[in-house]
Structures are given as structure tokens and as C-alpha cells.
Amino acid sequence: MASLLCALRPFQVFAQASSSPPLVPAPSETHQGVSAAVPDAPLPGQRLPPCKKPQVEINGSCWTLVGDEVPPCSDVTYEWRKRCYAPALGPSRPFNTREK
């Protein structure tokens with residue numbers, strides 16, 4: 001059950017696990033209610049094409065189909081063509097530390 005919760009709420013888990021601001025805001029911060037449509041532009045920190053499998057490109061950014069979830073979508077997913085998708089995170093940035 002915990003792994004399913006993490007799969008459906010990756011952005012909220014990320015936001016809670018880090019003391020710094022998340023790269024991608026939790027979808028509940030970017031849309032109100034349920035079954036919000038996929039945005040026309042990428043979200044901040046969202047992966048851009050080319051997308052890695054099983055991700056798909058929608059409106060110029062990468063999205064992951066959320067299993068068999070159908071609209072109305074949860075507050076952490078977006079609706080596109082009567083299916084629910086979660087934004088895919090972009091590649092992580094390398095640490096920029098220097099040894100002195």
C-alpha cells in the first residue's frame with residue numbers, strides 16, 4: 001500500500017522529504033479541484049522531450065500514465081484524453097560542490 005501511495009503522490013512525497021523547495025510543485029498547487037486538464041506548457045522542472053519509456057510526450061513535455069486510474073483524476077494527476085497522467089520529473093542536476 002505504501003508503494004502505491006508513493007506512486008500516486010510522488011510530488012507530495014518529494015516536497016515533504018526535502019527541506020529545499022521542490023523542482024516541480026505539487027499539482028495541487030498548480031490546479032484546483034479534480035480532473036484538471038494537462039497544461040499547455042511544461043511545469044517547472046518537468047522533463048522535456050525526448051521522453052524515456054514508459055513516458056509519453058503531451059504538449060511539449062513528458063508525462064507518465066497512472067495505471068488504470070480514470071477521470072476524475074486525483075489531486076496529483078492531470079486528465080488527457082480520458083486518462084490520468086502525472087508529470088515526469090526532469091533529470092536531476094549534478095551536485096555543484098567543490099573541495100577546498
CYS73, CYS51 arranged by Cβ crowding within 10 Å, fewest neighbours leading: CYS51, CYS73
J(HN,Hα) series, the range 54-68, from Karplus relation 6.51 cos²θ - 1.76 cosθ + 1.60, nearest Hz, glycine and proline x: x, 5, 10, 8, 9, 6, x, 8, 9, 9, 10, 5, 9, x, 9
Environment charge at GLY90 (Cβ cut-off 15 Å; Lys +1, Arg +1, Asp -1, Glu -1): +2
Proximal charge balance of ILE58 [Cβ under 12 Å; K/R count +1, D/E count -1]: 0
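Here, each number is a calculation from the coordinates, and none is a lab measurement. Fair warning: this is a prediction, and the values are worked out from it, not measured in the lab. Positions of Cβ are generated from backbone atoms using ideal geometry, with glycine treated the same way; all protein chains shown enter the neighbour counts.
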